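Notes follow the structure.
The values are calculated or read from the model by the stated rules, or taken from the named source; none is laboratory data. What you see is a predicted model, and the numbers here were worked out from it, not measured in a lab. Cβ sites come from the backbone with ideal geometry, for glycine too, and all protein chains shown count toward neighbours.
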Amino acid sequence: MKDGVAIIGAGTAGLIAAKALAGLGVQATVYDQKRVLGKPVRASGILSIKGLEELGIDYRRAVTNTLYGARIHAGGRSFTIRAGREVAHVLDRKELNDLCHDEAVAGGAEVVLGERINGQRLEELSGSGIIVGADGAVSEVARHFGMGGIRNYVITYKAEFELAPEDPGLVDLFFDNRVSRGLFGWFSPNSKDLLEVGIGLDSRNGNAKSAFKAFVSGPYVSGILGSSKMVTEGASIIPMGLRRRIVDEKRRVLLVGDAAGQVKPSTGGGIIFGGNAAIMAAGTIKRHIDGGSALSDYEAAYNRKYWIDTALHSLANSVYSRLGSRSLGLAIDVLNAVGIDSFLGRYGDMDMPSMILRNALLGNSPF
């Protein structure tokens, strides 16, 4: 069908796009080479409540824990951000994917699993409709249609341990460029008796599994973990920056999610940005089919919404990735001295740092 849409990749962004398209009356078929949806799951699942609500997913059954703040550690110092409200949920990513699948199918989309999409198949699909590439950081769709590479990737390695978190409402972030240059280490309280421990680093700066071993063998982390049992482990790859193009107008190809590089460079989180992009792409496709409007309107709309905040996330990553442990520790001393913890507890936004700046400019700054 000439105006049908083939979505390559049955991850969260692809399934959100399918649901949105189906809701607009557009025929959408999702293809994924995996035979079992959502496996293996190697991505963390801390998402802001505000961002989840924007996506319009009935995510409640996927929630395994709720967070109200974070502890930041660097250079032997720390500070704690405590919001007076629930700010984020920890989600079972497999369950979230299943929910997105069920909502997409209920809306009228079709999901085809176990089909490998190679270049020949992409050409066939391109000749009969529109393609949405939602096939992850190493996107075959982007490669085949020459949509440019991604300059930097972060590799993460994480494991879950049978261990009751010290405070199940706080996530811990550890900044130490000796082992995690390009991202950080973390403790995520995935549930009342399950602690996720992970680390991420720029792919050019070493091996993530080796960095993970160094992280967990350090005196502080090893003291926390003790003899607790590891129950899952695995690696994942995160794109750190948009591709050169996320729309090919002539071939009628759009990229969403990790395939497009739609992540927060400060944390590597991509579900909120990628999910909203999928909804934008669906609306653009509908307008293109109905009235011939340009598919490139999607790229322009995404940049209008996220360019400033992506730049701020990138700036944060650039700063903490270049500072040594001593400088990071001194930075925490300064932030503690000016009361940044209470300011961020009240005005912090995990997804949109521009909102933090806006509050500072309105006179709410702690400085």
* Looking at Asp58, is it modelled with pLDDT under 95, farther than 20 Å from Leu255 by Cα and over 16 Å from the mean Cα position of the chain (by Cα)? -> yes
Heads up, the helices (runs of 4 or more DSSP H) in the stretch 278-367 (entirely inside) with at least 2 residues that are of a type outside the set (S, T, N, Q), assigned by TED's automatic domain parsing to the domain that holds Lys50 and buried (at least 19 other Cβ atoms within 10 Å of the Cβ) are 297-322
Residues that are more than 15 Å from Ile16 (Cβ to Cβ), small (Gly, Ala, Ser) and either in a strand (DSSP E or B) or not assigned by TED's automatic domain parsing to the domain that holds Leu195 (or both): does the stretch 246-266 have at least one?
yes
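Could you say whether any residue in the stretch 33-41 is buried (at least 20 other Cβ atoms within 10 Å of the Cβ) and under 22 Å from the mean Cα position of the chain (by Cα)? It would help to see each step written out before you state the result.
Going residue by residue through the stretch 33-41, those that are buried (at least 20 other Cβ atoms within 10 Å of the Cβ) are 38.
Pick out the ones that are also under 22 Å from the mean Cα position of the chain (by Cα) and you get 38.
Yes.
Would you confirm, using the coordinates I've provided, whether Val231 is within 21 Å of Leu91 (Cβ to Cβ) and hydrophobic (A, V, I, L, M, F, W, C)? Can you show your working first?
Values: within 21 Å of Leu91 (Cβ to Cβ): yes; hydrophobic (A, V, I, L, M, F, W, C): yes.
Considered against the rule, which asks whether it is within 21 Å of Leu91 (Cβ to Cβ) and hydrophobic (A, V, I, L, M, F, W, C), Val231 comes out as yes.
Which one is surrounded by the most Cβ atoms within 10 Å (Cβ to Cβ) among residues in the stretch 94-108 that are in a helix (DSSP H, G or I) and in contact (Cβ under 8 Å) with a residue 60 or more places away in the chain? Before the answer, list the steps.
Of all residues in the stretch 94-108, those in a helix (DSSP H, G or I) come to 94-107.
Now restrict to residues that are in contact (Cβ under 8 Å) with a residue 60 or more places away in the chain: 96-98, 100-101, 103-104, 107.
Details: Leu96: 24, Asn97: 21, Asp98: 16, Cys100: 29, His101: 23, Glu103: 19, Ala104: 26, Gly107: 15.
Within the stretch 94-108, the match that is surrounded by the most Cβ atoms within 10 Å (Cβ to Cβ) is Cys100.
Conditions tested, residue by residue: (1) within 24 Å of Phe273 (Cβ to Cβ); (2) part of a strand (DSSP E or B); (3) among the small types (Gly, Ala, Ser).
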| site | (1), (2), (3) |
| --- | --- |
| Val138 | yes, no, no |
| Val141 | yes, no, no |
| Gly148 | yes, no, yes |
| Ala159 | no, yes, yes |
| Pro165 | no, no, no |
| Leu173 | yes, yes, no |
| Arg178 | no, no, no |
| Lys209 | no, no, no |
| Phe212 | no, no, no |
Review point. Does Val26 count as among the aliphatic types (A, V, I, L, M), part of a loop (DSSP other than H, G, I, E, B) and at pLDDT 95 or above?
Key: yes
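Counting only residues that are basic (Lys, Arg) and under 19 Å from the mean Cα position of the chain (by Cα), which one in the stretch 152-207 is modelled with the lowest pLDDT?
Just the residues of the stretch 152-207 that are basic (Lys, Arg), to begin with: 158, 178, 181, 192, 204.
Add one more test, that the residue is under 19 Å from the mean Cα position of the chain (by Cα), and what stays is 158, 181.
Numbers: Lys158: 95, Arg181: 91.
For the stretch 152-207, the residue satisfying everything is Arg181.
Would it be correct to say that Leu183 is buried (at least 22 other Cβ atoms within 10 Å of the Cβ), in a loop (DSSP other than H, G, I, E, B) and not assigned by TED's automatic domain parsing to the domain that holds Val256?
Yes.
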For the stretch 224-238, indicate whether the set of residues that are surrounded by 15 or more Cβ atoms within 10 Å (Cβ to Cβ), in a loop (DSSP other than H, G, I, E, B) and not polar (S, T, N, Q) is non-empty. no
Quick count over the stretch 48-68, residues being charged (D, E, K, R) and assigned to a loop (DSSP other than H, G, I, E, B), is 1
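Have a look at Gly45, Gly14 and point out the one that is among the small types (Gly, Ala, Ser), buried (at least 21 other Cβ atoms within 10 Å of the Cβ), at pLDDT 95 or above and within 19 Å of Ser236 (Cα to Cα). Before you say what the answer is, go through the steps one by one.
Numbers: Gly45 fails: at pLDDT 95 or above.
Every option except Gly14 fails the conditions.
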